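Working notes, beginning with the structure itself.
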Amino acid sequence: MKIEFAPLSTPLQRRLQTASVVQWVFSFLGLAQCSIAAFIALFFTRFWLVSALYAAWWLIDREKPSKGGRRSHIIRNHVVWRYMRDYFPVKLVKTAELDPRQNYLMGFHPHGILAVGAFLNFCTEASGFSTITPHVMMLSLWFRVPFFRDCLMSAGLVSSDKESASYVLQKPEGGNMLAIIVGGAQEALDARPGSCTLLLKNRKGFVRLAIKHGTPLVPIFSFGENDLFEQVTNPKGSWLRQLQHRLQQIMGISLPLFHARGIFQYSFGLIPYRRPICTVVGKPIPVQKKHRPSEEEVDQVHQKYLNELCKLFEEHKAKYNIPEDRHLEFI
C-alpha cells in the first residue's frame, strides 16, 4: 500500500492543530489506563503518600460527579482547544437563543466514534457556546478512575445517573444545560462516513426526565460527526458485531474498530480526518411538568422530539453536502 506522507513544508499552525488532536485522542483512549497505573505504581515508591492522600480525598469527594462536577475555567479556556477546533474545523450554529433563566435538556446526535462535536462545543469554550452553563453526561464508570475523574469534571462532564441529571435540572436559578449523547456507545458501532442512523427509536429515558422536571428539550445534530473515521465493517448479525455487543454488556463501553490517518502520514492511524463538523442547535421544545408521566405522555413528547430533530436535519442538510434523498433513520 502506498503511504502518503505529510509534506515537510506544513505550516507550524497546522502542526500545532494536529498536536492538539493527538493529545486529545490519547487522552480519550489511554489516559484512564495511565491514571490507574500511576495511582497503583506510586504506592511502591517513596511518593506513596500521594496516592494514599488522593484515595482519602477520592472517598470524601465521591459524590461530586453527581453534584454538578467541578469545572475549571482554566482548563476549558485553554488554547489547545482552539487549535483542536481549527483542525477540523468545528463550528456551532444556534437556530434560537436560549433563555439564561431557564434550564434545558439537550439531546446530542449522532455519537460518532469519539463525540468530537459534543466535547469541543460543550466541554470547552472553543466555540463560545457558554451563555448558559453546559454539563455533558458521561458513563459513571469513568468517574471511578483516580486522577482521570478530576480531568473529566474540570471539562464540565458529570455522571450519567438520574441523581446527577436531577441535580442540574433542578437548579432554581436556571442557566444550566444538561447534554445527553442519547445514542451512547452503542450508536458508535454504526458511525461511519455517510451514516444517518440514530439509536433513538426506543430511547425515552431523557424524555421522561425532561417531563419530570418540566425542562424544555433541545435537539442537536452534529453534521460531519460520522465522517471523521472509517470503521471495520460490522453488519448486524456478524460475529464482530455480536462480539462488540457482548463486550459492551460486560464493560458498559463499545469497542468500534476505527481508523483514519496518522500523525505524519495520511494513509492509516487513529487520528481523525480533517473534515468539517457543524453542530446545529435546534429550537427548544416546551415540556409540561409532570412528576409521573404515563407511557402515552412520554411517547407523545418523544415523537414530537423525533419530528423536530428530523426537521432540523432536513432544513440544514443541503448546506453540508448531504444528498437530498438521504434522511435520518431511527433504530
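The values are calculated or read from the model by the stated rules, or taken from the named source; none is laboratory data. Fair warning: this is a prediction, and the values are worked out from it, not measured in the lab. Backbone-built Cβ (ideal geometry, glycine too); neighbour counts: all protein chains shown. The protein model used for the area step is the full one, side chains on, heavy atoms only, and it has no ligands, DNA or RNA in it. Shrake-Rupley method; radii C 1.70, N 1.55, O 1.52, S 1.80 Å.
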Tell me which residues, restricted to the range 85-128, are crowded, with 20+ Cβ neighbours inside 10 Å, closer than 21 Å to Ile285 by Cα and without any contact (Cβ under 8 Å) to a residue 60 or more places away in the chain. Phe122
Some residue of the range 235-255 being open to solvent by 80 Å² or more (accessible area, probe 1.4 Å), in a loop (DSSP other than H, G, I, E, B) and among the polar types (S, T, N, Q): no
Residue hits (the range 139-156; under 24 Å from Leu270 (Cα atoms), at pLDDT 95 or above and not in a helix (DSSP H, G or I)) are Val145, Ala155
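Looking only at helices (runs of 4 or more DSSP H) that fall completely inside the range 4-76, which ones have 3 or more residues that are among the small types (Gly, Ala, Ser)?
Values: elements: 12-42, 48-60, 73-76.
Per the criteria, 12-42, 48-60.
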Looking only at residues that are among the acidic types (Asp, Glu) and either assigned to a strand (DSSP E or B) or surrounded by 15 or more Cβ atoms within 10 Å (Cβ to Cβ) (or both) in the range 261-312, which one is nearest to the chain's Cα centre (by Cα)? Glu308
Scanning the range 129-161 for residues that are of a type in the set (Phe, Trp, Tyr) and closer than 18 Å to Gly68 by Cβ, the one surrounded by the most Cβ atoms within 10 Å (Cβ to Cβ) turns out to be Phe143
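I'm checking my understanding of the structure. Among residues of the range 42-71 that are among the small types (Gly, Ala, Ser) and surrounded by fewer than 15 Cβ atoms within 10 Å (Cβ to Cβ), which one is farthest from Leu178 (Cα to Cα)?
Here the residue is Ala52.
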